[in-house]
Amino acid sequence: MKKTLPVFFILAFFIFCTYSLLFAAEAEKAIQASDVSFTRAYGDALVTGSIGEPSVLVPMLAGDSASHDVAGLIFNGLVKYDTDLSVIGDLAESWEVSPDGLIITFHLRRGVKWADGVEFTADDVMFGFNTIRDEKTPTAYKEDFLQVKKAEVLDKYTFRVTYEKPFAPALTSWGSLVVLPKHLLEGKDITKSDFARNPIGMGPYKLSKWTAGQEVVLDSNKDYFEGRPYIDRYIYRIIPDSATQFLELQAGSIDVMGLTPIQFTKQTDTIFFRENFQKFRYPVPTYTYLGLNLKHPFFKDKRVRQAIAYAIDKNEIIDVVLFGLGRPATGPYVPNTWFYNPDVKKYEYDIGKAKALLKEAGWEDTDEDGILDKEGRPFEFTILTNMGNSLRENTATIIQWRLEKIGIKVRVRLLEWSTFLNEFVDKRRFEAVILGWSIGFEPDQYDTWYSGKTKEKEFNFVSYNNREVDELLEKGRRTFDKEERKKAYFRFQEILADELPYIFLYVPDATPIVSSRFKGIKPTTIGISYNLPKWYVPRDLQKHRMEE
Amino acid sequence: MLTYLIKRLLEMIPTLFGITLISFFIIQLAPGKPTDVMSEMNPKITPEARERLEKLYHLDKPIIVQYGLWLKRVVKLDFGESFSSDRRPVIQKIWDTKQPLIDRCLFITFLINILSMFLIFLIAIPIGISSATHPYSIFDKVATTSVFIGFAIPGFWLALLLMMLFGIYLDWLPISGFKSIYYDSLTFTGKILDRTQHLILPLFISSFGGLAGISRYMRSGMLEVIRQDFITTARAKGLSEKKVIYKHAFRNALLPIITLIGLSVPGLVGGSVIFEQVFGIPGMGQLFYKSVMSRDYPLVMAILTLGGGLTLIGNLIADIGYMIADPRIRAK
């Protein structure tokens, strides 16, 4: 699930603002004294550098992260994630889930206006809902909405959906994907209309200009329902080359970019960068793993998988490949989330244990060629991964070297992405793969681990099969009770850590850098951009003057 | 002459048809489908949803049927809609009528290529001539070495070095992009100046690498001509060296260059992926690269057809150029 761009609304914050305005003079003096208190001011522009260009600015049609980044600033959803990953209201003020978990009733915020001045109502939600379900809408996010049995507009500000079965991930699916302005799009084909490139939303920013291949310019929505954003203009510059982007950052032409590990640890470790920029670091909800084909005779045995886990030093991979910017993965979730179980079996690097387990499983070097064998078959296999991802390539090389030490011969083969997926992963023609999952903040992982999801193109491609896991996954997605869900997912992680269908490798950190003139950034589990409308540049630090 | 031209033009039709047919089949050979971008490794998409998507793009039909559908549209000059999620008409992606001329993909590439071609000829031809008239002199050696250095240096690397020098240390030129963020508030002259500044480094990089070829062709062409009898005759007549070289030798030495001009016509719309990527210039190279990576068949086909057509036209232009320049060919 793509995260929506949540926006914080804190009353205290506004009290602070009023306070600062009243005592602006004092506050300004305070700047010299300490750099904690700056005066909030409107104005200036934020220039972001991006490798990719958005393709459409309607969230439900977008498939790439660049589109979601920008569209997320133009559209809001009914709900969003809070910084502690609980679900809070966005366009919905509140909602009720019926005791059986089948009916969700959303009460919408009143008085929210689309950028063209028309009021936002439940009809817009209904319209978006019908559009995303429509056969003709090319969207990858249909499935969650096809589970809905009935949707009704109860009144102008109340929207109700009824599900066939209780479906816990349902709530977060009502994020930014569904809401569309009915008055502009009714009776039109959304894929043919101009709307996807000239959207009208109700979010903190609105599209001002889009020059294909060069930049997308957004201006702040002065009537935004959570208050006018401080930064007047948001410029999304497309710079396809990461080295060029870094030069632009040094030249001051862009204010924000995501750094590579080497840029983060070495190239920005200079006085110039320390004085002019602020760096952030937080885990992204993705993990990289070594997936083993459980149908393969070598990997059917749990002890062999555990031995491989003991033989790989995850910290070494993180230090070498990510320059230390990551942490070991212990299961299919990332740390700092409510469903992450920190107390599962961890496999600290231990070559002795690895060898012992392999011996127990019947693998011994009988012919003394340095490679383990069993029933005359040497322990040799190939790790496949996609070309062009140097992190994965290097990880594979390190694993190859480590496994050689316990007598397993590994070959590494790099493949073009489409070929890799279509010819090898989908057809199950692999022994081991290095891949990553982007998991978002929803714990439901039914599609990756459920034993029935092993058909071609389905995502349990390692053919994992465990009855208890199946039950836990089913339970986790059918209850809305957070404690119940937590219990189910904690147990699920324990089982996975013991059975190791994947060798979980690492969770990388996101490492963005932002010009130091931007204040009010508060890094949390969900990143830094969630409160973008509250970022500001103190008046005397403002760089770009925007003509009103 | 006219019948010859008509004949040549008619011959181009089946050739172009063949080009598109082969291209269409070859791009389908690469594994993967346009719908992959949306559906690969996305657990939210079920096999049924994938089928629906494929049906939407007619990808469930046999390739030959797909080609038929494509051809039926193309003869009406309709290249269809892009398979990428914006689903814009392919023509709009190449030549976006909603943008000012200068920001249209094809125009950007065309402008840069024409200017750099002009620069290359402007610099390389005199270098070639001087090298030929003073072979093995210091000038010849220096010129030859430097054009080969230009040829051998990886463009993206030199580009990054120049960006650092002019963009950061000297702060004279913008680093990348094709306009600055203040562009809209500039006056007309300001706008021209802004675009010019953005063009300097890309032009330098793209011309520097191209000098070697043309100057070497010019040098060897000239050397060959100078040794011929009619040049000796011209000199014997007592013509000045200037007249001998520029009036008699030059025209004849230009013949191979005409071929090169003809051959570079398709290159005018085929941008370079690498240098467009490094400079962040939204030209045809990037568009084509992205379309191939996302298996956006209609866009790939449109660009290939355009390229194929221009190659044929380029060949024709070269032949016509020959006919004008060389009476011996005209006689045939």
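Mind putting a number on the dipole of the stretch A:79-185 about its Cα centre? Charges go on the C-beta only, +1 for Lys and Arg and -1 for Asp and Glu, and I need it in Debye to the nearest 20.
For this selection, approximately 200 debye.
Just for the protein assembly as shown, what percent of DSSP beta bridges are antiparallel, to the closest 5?
Antiparallel bridges: around 80 percent, rounded to the nearest 5.
With a/c under 1.5 counting as rounded, go ahead and sort the stretch A:302-370 into rounded, prolate or oblate using the C-alpha gyration tensor (a ≥ b ≥ c being the square roots of the eigenvalues; past the cut-off, prolate if a/b is larger than b/c, else oblate).
Taking the square roots of the gyration eigenvalues as a ≥ b ≥ c, the stretch A:302-370 is oblate.
Given the rule -39500 (n - 2.57) for each run of at least 4 DSSP H residues, summed and divided by the residues of chain B, what is its mean residue ellipticity at 222 nm, to the nearest 500 deg cm²/dmol?
Mean residue ellipticity at 222 nm (helix-derived): -21500 deg cm²/dmol.
Once you charge only the Cβ atoms, +1 for Lys and Arg and -1 for Asp and Glu, what is the size of the charge dipole of chain B about its Cα centre, to the nearest 20 debye?
That gives a dipole near 1000 debye.
Might you report the magnitude of the Cβ-based charge dipole of the protein assembly as shown about its Cα centre, with Lys and Arg at +1 and Asp and Glu at -1, to the nearest 20 debye?
2560
Return the average number of partner chain Cβ atoms within 10 angstrom of each residue Cβ along peptide A:412-422.
Rounded to a whole number, the mean comes out at 3.
Straight-line reach only, C-alpha to C-alpha below 18 angstrom: list the lysines that residue A:519 could link to, leaving out same-chain residues fewer than 8 apart.
Of all the lysines, those that pass the test against residue A:519 - Cα under 18 Å, at least 8 places apart if same chain - are A:29, A:279, A:534, A:543.
Dividing the Cα convex hull volume of the stretch A:286-509 by residue count, how many Å³ per residue is that?
Convex hull of Cα atoms, per residue: 118 Å³.
With unit charges on the beta carbon (Lys/Arg positive, Asp/Glu negative), name the residue among A:92, A:151, A:81 whose Cα is farthest towards the positive pole of the charge dipole of the stretch A:79-185.
Farthest towards the positive end: A:151.
If you look for lysine pairs in the stretch B:2-94 that are eight or more places apart or on different chains, how many of them have Cα atoms under 21 Å apart?
Close lysine pairs found across the stretch B:2-94: 9.
Report, as a whole number in µm² per second, the diffusion coefficient that Stokes-Einstein gives for chain A at 4 °C and 1.567 mPa s using the Kirkwood radius over alpha carbon pairs.
D = 51 µm²/s.
Could you tell me whether the stretch A:90-172 comes out rounded, prolate or oblate from its Cα gyration tensor? Rule is a ≥ b ≥ c as square roots of the eigenvalues, rounded for a/c under 1.5, then prolate if a/b exceeds b/c, otherwise oblate.
Oblate, because a/c is 1.5 or more while a/b does not exceed b/c.
Give me the angle, in degrees from 0 to 90, between the Cα long axis of helix A:482-499 and the longest principal axis of the Cα atoms of chain A, rounded to the nearest 10.
Helix A:482-499 and the main axis of chain A meet at about 30 degrees.
By a straight-distance test (C-alpha under 21 Å), which lysines pair with residue A:486 as possible cross-link partners, with residues fewer than eight away in the same chain excluded?
A:3, A:80, A:165, A:345, A:346, A:475
How big is the equivalent ellipsoid of the stretch B:2-94 along its three axes, where each semi-axis is √(5λ) from the Cα gyration tensor, reported in whole Å from largest to smallest?
Gyration-tensor ellipsoid for the stretch B:2-94: 34, 14, 11 Å.
Express the relative contact order of the stretch A:119-177 as a whole percentage, based on alpha carbon pairs under 8 Å and six or more residues apart in sequence.
Rounded, it is 31 percent for the stretch A:119-177.
For the stretch A:161-202, list residues with backbone N below 19 Å from a point placed 7 Å from the Cα of residue A:474 toward its Cβ?
Flagged as within label range: A:164-170.
Relative contact order, percent, of chain A when contacts are C-alpha pairs under 8 Å separated by at least 6 residues?
Computed over chain A, the figure is 21 percent.
What does a probe at residue B:260 reach in the stretch B:196-226, counting residues whose amide N is under 18 Å from the point 7 Å along Cα→Cβ?
From the stretch B:196-226, the list is B:204-226.
Order the peptides B:161-172, B:288-299, B:93-104 from the highest to the lowest mean number of other Cβ atoms within 10 Å of their residues.
Descending mean neighbour count gives B:288-299, B:93-104, B:161-172.
If I fit a long axis through the Cα atoms of helix B:138-152 and take the longest principal axis of the Cα atoms of chain B, what angle between them do I get, 0 to 90°, rounded to 10?
In chain B, helix B:138-152 runs at an angle near 10 degrees to the longest axis.
Toward the positive end of the charge dipole of chain B, about the Cα centre and with charges on Cβ (Lys, Arg +1; Asp, Glu -1), which of B:132, B:59, B:305 goes farthest?
Result: B:132, furthest along the dipole toward the positive end.
In whole angstrom, how long is each semi-axis of the equivalent ellipsoid of the stretch A:229-381, when you take the square root of 5 times every eigenvalue of its Cα gyration tensor and sort them from largest down?
Result for the stretch A:229-381: semi-axes of 45, 18, 15 Å.
Sort A:468, B:51 by Cβ crowding within 10 Å, fewest neighbours at the top.
Taking fewest neighbouring Cβ atoms as first place, the list is A:468, B:51.
Take A:120, A:323, A:159 and order them by how many other Cβ atoms sit within 10 Å, fewest up front.
By the 10 Å Cβ count, ascending: A:323, A:120, A:159.
I need the shape label for chain B. Rule: rounded when a/c is under 1.5, else prolate if a/b > b/c, else oblate, with a, b, c from the alpha carbon gyration tensor.
Since a/c reaches 1.5 but b/c is at least a/b, the shape of chain B is classed as oblate.
Can you tell me the 0 to 90 degree angle between the C-alpha axis of helix B:188-226 and the longest principal axis of chain B, rounded to 10?
50
Sort A:183, B:248 so that the residue with the fewest other Cβ atoms within 10 Å of its own Cβ comes first and the one with the most comes last.
A:183, B:248
Hey, for a label at residue B:200 modelled as a point 7 Å past Cα toward Cβ, could you say which residues of the stretch B:272-302 have their backbone N under 14 Å away?
none
Please name which of B:27, B:4, B:14 has its Cα lying farthest along the dipole of the stretch B:2-94 towards the positive end, using unit charges on Cβ (Lys, Arg +1; Asp, Glu -1) and the Cα centre as origin.
B:4
Averaged over its residues, how many other protein chain Cβ atoms are within 10 Å of peptide B:174-184's Cβ atoms?
Whole-number average of other-chain Cβ neighbours for B:174-184 is 6.
Step through the table entries A:353/A:482; A:192/B:290; A:136/A:455; A:453/A:487, compare each Cα-Cα distance with 32 Å, and write down the pairs that go over it.
The answer is A:353/A:482.
Inside 10 Å of the C-beta atoms of A:240-253, what's the mean count of C-beta atoms belonging to other chains?
6
Here, each number is a calculation from the coordinates, and none is a lab measurement. Not measured: the values here are computed from a predicted model. Every residue, glycine as well, gets a Cβ built from its backbone with ideal geometry; the counts of neighbours run over all protein chains shown.
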